Each structure stands twice: as C-alpha cells, then as structure tokens.
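Have a look at the structure below before the remarks.
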Amino acid sequence: MDDNAAEFLGWYLGDGCLSITKNHYEFALTGDLIEEFTFYKEVVVPKFNRLFDKKVELKEYPSVEVCGVYIFEKDFVKSIQKEFNLRGGKKLEVNLPKLETASQKKCFLRGLFDTDESIYFCKSNVKTKNPTFCNTFNYKPKIKVATISKDLMEYVFNLLLELGFSPRYYAPRRQRINENIMYSIVMDTTPNVGKWITEIGFKSPKHNTKIEVWKKFGYCPPHTTLKQRTNLLNGTVNMASSMKKRE
C-alpha cells in the first residue's frame, strides 16, 4: 500500500459508502456542497482518478447540498472492495487497514480527519471578575474525530500514540435516543495541535482556513462558513463585522 491509497482509505472511513446488492453496485465519497466543494474538486477527485486510473467527474446535488464521487460500475465496485477489503453498510464494524510505515499512518489519519470532524476553537472556562481575552474569544484549538465504530476509534487512538501524540477519549454518547453511540478522540494541548499541523496537517480548506484565521487574529469565531473565513483572510471583511453578522 502506498501513501495515496492510505489517504484514500481515510476518506472512505470518513465520507465513503459502499453498497452491493443483487442488482445494485455503488461506491461513493460525498461531502458538503458548500464547505467541501473545493476540497473535493481540487484534492479528492484528481487523486482518486490518479489512484484508480479513472476519469470520474465531481457530481453536485444542490437539492440535498451534497457533492462527491459516485460510481455504479459492477466490476469497479467489486474490485475496489476486494483490493482494500472494504466493508459496506453503516460503519459500526469496519475492516481496519494494515498500515506499515509512519508515512502511511499519517496519510490515513489526514484522510480521515479531513473528511470526518475537524479542528475547532474554544474559550477558557476559567471564571474571572472581568472579561479576559481567553474567556471572551475562541482562541484554544482542539482537533477531534468521532465515529460510531468503537474499533476504528481505538485503532486511531493507537496510531496517534505510535506517532507520538497524546490523544484522549471523550465519553461515548448518543445525541438522540434512536442514534448509535458516538466514540470521540480529541487532541487539545498546544504541543499536540502544533505537532499535527506541522507533521500531518489538513488538505481541506474547511479546516485550513480556520487555522489561518486563528494564526492571523489569535482566535477563530465558531460557526463561521468557509466563505466568511476566506473573506476575513483576504481582507474583504473585518473581524468585527463578521462577528456582528453571526449575532
């Protein structure tokens, strides 16, 4: 397995879907039409085509705000399932990839974190008599990934340990009664976040623009869109007006 294949497997376990029935064969990688369109157009589709010697085009579905790669070719779907030992259906149970080198592990993790969860920024919880920068602005970065597969989360946790990170688990929880339990890992110390940005990083502008806003302003407001962050970075709007619009 090379690095590109390892990154692809990260994408699949984050945003992928494989379905095989008697008369239906489908493989898909999908993301948000607004926030992830550039990532899919400039990163996922070109790399996918090089990896599999295909000429697929990025599909857009505005009615459901989704974009992605969709393939319904029986031979391709069966071959990709066999080559990478992919399991279809919901990702409660997954076949974990056999990664040998540190480079493969980093590429896999970047693929997974690019497509499943992200980096976000929090305020300090320390109570003070008067407002401070730390309890007013979202200045503290956290990198998080979540999945319904306990096995995958333990696998990712161990990969991070092997690479010198210090991740920690969030308590498993359900957001709604009828939903599967979510298992989460977070890295929220300055050394861990810095090590991730330097050694692994993201390829998705959805995540990278948050980092660039944080570096430029010292904090990154929550609930901003990719467009808002891009405008902040190129000076089209200022931070004060952007935060006012969010309120």
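Read-outs: derived from the displayed coordinates by stated rules, not from any lab. Note that the structure is predicted; figures quoted are calculated from it, not measured. We place every Cβ from the backbone using ideal geometry, glycine too, and count neighbours over all the protein chains shown.
The slack in the chain from Glu199 to Glu100, taken as 0.36 nm per residue of separation less the alpha-carbon distance, amounts to 33.9 nm. Answer rounded, prolate or oblate for the stretch 41-84, using the Cα gyration tensor with square roots of eigenvalues a ≥ b ≥ c: rounded when a/c is under 1.5, else prolate when a/b is larger than b/c, else oblate. Note, shape of the stretch 41-84 comes out oblate. Dipole check for the stretch 3-100: with +1 at the C-beta of Lys and Arg, -1 at the C-beta of Asp and Glu, and the Cα centre as origin, the magnitude is about 500 Debye. Here r is the Cβ-Cβ distance between Lys74 and Asn4 and R0 is 22 Å; the resulting FRET efficiency, rounded to 0.05, is 0.35.
Among Met153, Met239, sorting on how many other beta-carbon atoms sit within 10 Å of each Cβ, with the fewest leading, yields Met239, Met153. When Val145, Val56 are arranged by Cβ crowding within 10 Å, least crowded first, meaning fewest neighbours, the order is Val56, Val145.
Only Lys, Arg, Asp and Glu carry charge here, each on its Cβ (+1 for the first two, -1 for the last two); on that basis the chain has a dipole of about 1000 debye about its Cα centre. For the Cα atoms of the chain, what angle does the longest principal axis make with the long axis of helix 190-199, in degrees from 0 to 90, nearest 10? Here the helix axis deviates by roughly 40 degrees.
Relative contact order of the stretch 85-206: 25 percent, from C-alpha pairs under 8 Å at least 6 residues apart in sequence.
Of the cross-linked pairs Lys91/Lys227; Lys90/Lys144; Lys47/Lys144; Lys22/Lys90, those separated by over 23 Å at the C-alpha level are Lys91/Lys227; Lys47/Lys144. Using C-alpha pairs under 8 Å with a sequence gap of at least 6, the mean separation divided by the residue count of the chain gives a relative contact order of 19 percent. Each of Phe133, Leu163, Met182 was scored by the projection of its Cα onto the charge dipole of the chain, and the greatest displacement toward the positive side belongs to Phe133; charges sit on the C-beta of Lys, Arg, Asp and Glu. Normalising the average separation of contacting C-alpha pairs (under 8 angstrom, six or more residues apart) by the number of residues puts the relative contact order of the stretch 141-247 at 22 percent. Dividing the radius of gyration of the alpha carbons in the stretch 79-187 by their Kirkwood radius gives 1.07 for Rg/Rh. Which shape class, rounded, prolate or oblate, goes with the stretch 164-247 when its Cα gyration tensor gives a ≥ b ≥ c as root eigenvalues, a/c under 1.5 marks rounded, and past that a/b bigger than b/c marks prolate? Oblate is the answer for the stretch 164-247, as a/c is 1.5 or above yet b/c matches or exceeds a/b. Quotient of the Cα radius of gyration of the stretch 3-100 and 2.2 N^0.38 Å, N being its number of residues: 1.05.
Here the label points at Thr128 and Leu51, each 7 Å from Cα along the C-beta direction, are separated by 4.5 nm in the simple model. Loop-located GluC sites (Glu not before Pro) in the stretch 88-120 (DSSP state not H, G, I, E or B) with no more than 10 neighbouring Cβ atoms inside 10 Å: Glu100. Computing semi-axes √(5λ) of the Cα gyration tensor in Å for the structure here picks out one of (1) 33, 22, 17; (2) 27, 24, 15; (3) 40, 18, 16, namely (1).
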